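Working notes, beginning with the structure itself.
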Amino acid sequence: MKLRYETEHLVLAIGNEMFADKINEYLVRNREDFSKWDLKLNDSYFTMNYQIRAVQAEQRIFLKGEGARYYLFLKNNPHIVIGNISFALTDNKEDHACIIGYKIDASEREKGYAYEASSYLIPIVAKEYGLKRFEAEILPENLPSKALIEKLGFRFEKVLRHAHEFGMGERDSLLYVLDVSHSA
């Protein structure tokens, strides 16, 4: 996989220290909005020091072939992070599965950017990692995320009871899956 891709409207780039400040600005800017859907995060997460360490860890994961987090930039405004999409291989390597996650800046939603990035990267990630399936965990009330994942071809598989602790406490998640072949 490459460190950088371009789609019709977006630049998709693996994080690095050169734009850790832009990542931090994006996360701080969307902190309240993302808290509805995110795992519980403490204040240190929203610091430059943390984000530099985070992109270094993301780079190691990428280089070891265990996953990837791409940050989204608009081609016509490549200095502002407007989202991210991540792929994390599951712990059970025999499953050949990957968990997908994504976030879009509140001001850039409903413009198709999450779909554009996801539909572009899913076949690349599937082929690179030899995946059989993708998984997505979504809160039941996150209707835009459910609509996106269904548009991408995912199907509902089951409810994960008390799956994660989000900002408001322990919550159930919906597990959606996309079966893919090695030739994707």
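FYI, it's all coordinate maths here, none of it is from the lab. The structure presented is a predicted model; accordingly, all values stated were derived computationally and were not measured. Cβ coordinates were reconstructed from backbone atoms using ideal geometry, including for glycine residues, and neighbour counts include every protein chain displayed.
In percent, rounded to a whole number, the relative contact order of region 62-127 is 23, using alpha-carbon pairs under 8 Å and six or more apart. In sequence order, region 13-28 has phi-based couplings of 9, 5, x, 8, 4, 4, 10, 4, 5, 5, 5, 4, 4, 4, 5, 5 Hz under the Karplus curve 6.51 cos²θ - 1.76 cosθ + 1.60, θ = phi - 60°, and Gly or Pro positions carry x. Under a 5 Å amide H cut-off, with hydrogens placed 1.01 Å from N, Val180 pairs with Arg133, Phe134 among residues at least 5 apart or on other chains. When you filter the GluC sites (Glu not before Pro) in region 42-138 for DSSP loop state and at most 12 other Cβ atoms inside 10 Å of their Cβ, you are left with Glu110. Qualifying trypsin sites (Lys or Arg not before Pro) in region 8-71, where qualification requires a DSSP coil assignment and no more than 16 other C-beta atoms within 10 Å, comprise Lys36, Lys40, Lys64. Compared with the alpha-carbon gap, the fully stretched path from Lys75 to Ser35 is longer by 11.7 nm at 0.36 nm per residue.
Counted residue by residue at 0.36 nm each, then reduced by the alpha carbon distance between them, the extension gain from Leu3 to Glu141 reaches 46.3 nm. Backbone amide hydrogens, once placed in the peptide plane, bring Leu10 within less than 5 Å of Lys75, excluding anything fewer than 5 places away on its chain. As a proxy for reagent exposure, Leu174, Leu121 were ordered by neighbouring Cβ count within 10 angstrom, fewest first; the result is Leu174, Leu121. If you average the sequence gap of Cα pairs under 8 Å that are 6 or more apart and divide by the length of region 31-87, what percent do you get for the contact order? Here the relative contact order equals 20 percent. Working note: Karplus 6.51/-1.76/1.60 with θ = phi - 60° gives region 149-157 the couplings 5, 5, 4, 6, x, 6, 10, 5, 10 Hz, where Gly and Pro are set to x.
Expressed in nm to one decimal, what extension gain is obtained for the pair Ser107 and Tyr45 from 0.36 nm per residue of sequence separation less their Cα-Cα distance?
Numbers: separation 62, 0.36 × 62 = 22.32 nm, distance 2.15 nm.
Answer, rounded to one decimal: 20.2 nm.
Values (i) 0.99; (ii) 1.20; (iii) 1.09 are given for comparison; Cα Rg over 2.2 N^0.38 Å, derived from the coordinates here, is the one labelled (i).
Across region 4-135, the mean sequence separation of Cα contacts (distance under 8 Å, 6 or more residues apart), normalised by length, yields a relative contact order of 24 percent. Within straight-line reach of Lys132, meaning a Cα separation under 17 Å, sit the following lysines at least 8 residues removed in sequence or on another chain: Lys93.
If you plug the beta carbon distance of Ser119 and Thr90 into 1/(1 + (r/R0)^6) with R0 = 22 Å, you get a FRET efficiency near 0.55. Entry note, the chain: the mean residue ellipticity at 222 nm calculated from DSSP H runs of n ≥ 4, each adding -39500 (n - 2.57), is -9500 deg cm²/dmol after division by the residues and rounding to the nearest 500.
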